[in-house]
2 protein chains.
Amino acid sequence: MNFQELLKKRRSIRNFQKKEVPIEVITDIIKEACLAPSARHSQPWRFSVITHKDTIKRLSDESKKNILAGIAVNPDSPHKAYEAAMHNERFNVFWNAPCLVFIYGPKKHDYLDCDCALAAAYLMFAATERGLGTCWIGLGSHIENPELRKEIGLTEDDRIVAPIIIGYPKSIPEPRDRAEPEVVFISS
Amino acid sequence: MNFQELLKKRRSIRNFQKKEVPIEVITDIIKEACLAPSARHSQPWRFSVITHKDTIKRLSDESKKNILAGIAVNPDSPHKAYEAAMHNERFNVFWNAPCLVFIYGPKKHDYLDCDCALAAAYLMFAATERGLGTCWIGLGSHIENPELRKEIGLTEDDRIVAPIIIGYPKSIPEPRDRAEPEVVFISS
């Protein structure tokens, strides 16, 4: 698939076919994600791939609980707009996707967000090229329970940067409108 | 160009032909960068495109000065390894590239790093597709002088996330080795 097609087809997908994503496909995609550049070639990213439905549900519940706790402490939280959804027991922040990939690394790494986001961009393109759909789920990163963190491979020193859901899309929506780029030119 | 080729050709390039990058090409690339996803579709990114050689030199000097000041305050700084280069008057952190693009946005935005890094990944692929080379210059983001910031379009409230140099590569080096991906699978 050429890049122009990829640009059109890489949409945020939240509606998936009931079809598993083969683990070999995920492994290939992650390999390509690791071709992203990183600060000082440090490659701080690690990955957890969760296809176990009940675990995904528990991760969703954990994240929702912590987001609600955050809103209670800070009513100006940008999550305030999602408060009703967070209270809805039937709402799964991971949209019942068949596969969830967490990209994370040591929280003390000074470029962790940027490096993991670069790997995430690569991962989303690599998935799109294979007919898969993805969505970065910001609401899914609030995993604090120590046992649950351990269960999915996170240490105390790690921070989740990118929770990405992956699956075969039911359909690919049209791109959402974009703002005109704001660009300043300094050419002379 | 297909994605597999892009993956191979997107290398960090620090050695450029003496050839200008047409402003229309940069404009197209930035348009494609803005197709990146962003948290809550907020598109916090803005861009400054600098092709003026003297301005690029002054930005390099400013960044080097501030990095050295940072090392003086914190000898454990990850920049310590670059101290000698920062003292070298002839070293331009932007590698004498013909074009420098800063991607930045409001520092209070809670996903600024991730969103700008996603746009940067798109920008680097879009440039590669057009035969251009890029490199993310972490050492180039330390621009604090208020007049210089103003000159390139930054307000006090902005933070530079990604300084990307762009130009036609003299050659495309082989990929550097990558560590084997560290992946945890939770499938049952």
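The values are calculated or read from the model by the stated rules, or taken from the named source; none is laboratory data. In this text the structure is predicted, and so the values were computed from the model without any measurement. In this analysis, Cβ positions are derived from the backbone assuming ideal geometry, glycine residues included, and neighbour counts consider all displayed protein chains.
Inclusion of B:L154 among residues that are outside any helix (DSSP H, G or I) and among the hydrophobic types (A, V, I, L, M, F, W, C) is warranted.
Set side by side, the residues B:I103, B:I67 differ, and just one is surrounded by 17 or more Cβ atoms within 10 Å (Cβ to Cβ), within 14 Å of another protein chain (Cβ to nearest Cβ), closer than 21 Å to B:G153 by Cα and modelled with pLDDT of 95 or more, which is B:I103. Here is the figure for region A:127-140: residues that are more than 7 Å from every other protein chain (Cβ to nearest Cβ), among the small types (G, A, S) and either on the phi > 0 side of the Ramachandran plot or assigned to a helix (DSSP H, G or I) (or both) total 3.
Every test in (1) more than 11 Å from chain B (Cβ to nearest Cβ); (2) among the small types (G, A, S); (3) assigned to a helix (DSSP H, G or I) is passed by A:A81 save one, and that test is (1). Look at (1) touching a Lys or Arg at 6+ places or on another chain (Cβ under 9 Å); (2) at the interface with another protein chain (Cβ under 9 Å from one of its Cβ atoms); (3) surrounded by fewer than 19 Cβ atoms within 10 Å (Cβ to Cβ) and you find that A:H52 fails only one, number (1). Filtering region B:140-150 for residues that are among the hydrophobic types (A, V, I, L, M, F, W, C), more than 11 Å from the chain's Cα centre (by Cα), at pLDDT 95 or above and more than 24 Å from A:E32 (Cα to Cα) leaves a non-empty set. The set of residues from region A:155-176 being within 9 Å of chain B (Cβ to nearest Cβ), over 22 Å from A:P22 (Cα atoms) and not basic (K, R) comprises A:V161, A:P175.
Would a scan of region A:141-151 turn up a residue that is crowded, with 20+ Cβ neighbours inside 10 Å and either in a helix (DSSP H, G or I) or among the aromatic types (F, W, Y) (or both)? No - not one qualifying residue is present in region A:141-151. Restricting the first member to region B:122-135 and to residues that are free of Cβ contacts under 8 Å to residues at least 40 places away in the same chain, and the second to residues that are not aliphatic (A, V, I, L, M), the beta-carbon pairs closer than 7 Å and six or more apart or on different chains are B:G131/B:Y168. Of the residues that make up region A:85-98, is at least one farther than 21 Å from A:A120 by Cβ, away from every other protein chain (no Cβ under 14 Å), free of Cβ contacts under 8 Å to residues at least 40 places away in the same chain and acidic (D, E)? Yes - at least one qualifying residue is present in region A:85-98. The selection criterion, being buried (at least 18 other Cβ atoms within 10 Å of the Cβ), at the interface with chain A (Cβ under 9 Å from one of its Cβ atoms), part of a helix (DSSP H, G or I) and within 17 Å of the chain's Cα centre (by Cα), does not hold for B:E62. Residues of region A:173-188 that are more than 13 Å from B:F47 (Cβ to Cβ) and either out of contact with any His (no Cβ under 7 Å at 6 or more places or on another chain) or of a type outside the set (S, T, Y) (or both): A:P173, A:E174, A:P175, A:R176, A:D177, A:R178. Which members of region A:5-32 meet the condition of being in a helix (DSSP H, G or I), more than 10 Å from chain B (Cβ to nearest Cβ) and more than 14 Å from A:G133 (Cβ to Cβ)? Hits for region A:5-32 are A:E24, A:D28. Among the residues of region A:162-188, those identified as closer than 16 Å to A:L132 by Cβ, of a type in the set (V, I, T) and outside any loop (DSSP other than H, G, I, E, B) are A:I164, A:I165, A:I166.
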